[in-house]
Amino acid sequence: MAWFFLLIAGLAEIGSVISLKRADGFKKLLPSVACLFFGSVSFYFLSLSLTSLPVGTAYAIWTSIGSVGSVLAGMFFFNEPRSLRSTLLIMCIIAGAVGIKMTSGH
């Protein structure tokens, strides 16, 4: 169940970052509220996952989900640059997260 909680935490982190971008420096109310909501959900589910996962493993996976998801969201929703180099680096982040998971013993 901890891995499921960690996945929810990572997805909520992506929602938080997308909302933060749309909040325009917290000048827009609805995206600002959404950012705070998703951020709270993210931390809550991260805390639930930490009840049975090592903090280093959970944090690394959580930040990986958030980082990769945020980069992809930027590319698809905000027309941020796409390149072969950025794709390869995203794959490195994913490979690192998978490697940490495989060596964590959980």
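Given q = 0.15, 0.16 Å⁻¹, what are the Debye log10 I(q)/I(0) values for the range 6-74, with equal point scatterers placed on the Cα positions and solvent ignored? The Cα Debye sum returns log10 ratios of -0.45, -0.51. Legend: calculated FRET efficiency, S52 to F26, from the Cβ-Cβ distance at R0 = 30 Å, rounded to 0.05, equals 0.30.
Listed values for the range 39-53 are Karplus-derived 3J(HN,Hα) couplings in whole Hz (6.51 cos²θ - 1.76 cosθ + 1.60, θ = phi - 60°), namely x, 5, 4, 4, 5, 4, 6, 4, 4, 5, 5, 6, 5, 9, 10, and x replaces Gly and Pro.
Checking every one of the chymotrypsin sites (Phe, Trp or Tyr not before Pro) in the range 47-106 against DSSP loop status and a limit of 11 other Cβ atoms within 10 Å picks out F78.
Adding -39500 (n - 2.57) for every DSSP H run of four residues or longer, then dividing by how many residues the chain holds, sets the calculated 222 nm ellipticity at -28000 deg cm²/dmol. Here's the picture: a label point sits 7 Å out from the Cα of L7 along the beta-carbon direction, and within the range 36-51 the residues with their amide nitrogen under 15 Å of it are 46, 49.
The Stokes-Einstein estimate for the range 54-106, based on a Kirkwood radius over Cα pairs and taken at 10 °C with 1.306 mPa s viscosity, is a diffusion coefficient of 135 µm²/s. Charges were assigned to the Cβ only: +1 to each Lys and Arg, -1 to each Asp and Glu. The resulting dipole of the chain about its Cα centre is roughly 200 debye. GNM on the chain, alpha-carbon springs under 10 angstrom: the most fluctuating residue among L20, L48, L88 is L88. Each Cα pair under 8 Å and six or more residues apart adds its sequence gap; the mean of these over the residue count of the chain is a relative contact order of 31 percent.
Potential lengthening of the chain between V98 and L72 amounts to 7.6 nm, from the contour at 0.36 nm per residue minus the alpha-carbon distance.
No value in this document is a laboratory result; all are computed from the given coordinates. Please read all numbers here as calculations on a predicted model, not as lab measurements. Neighbour counts run over all protein chains shown; Cβ positions are idealised from the backbone, glycine included.
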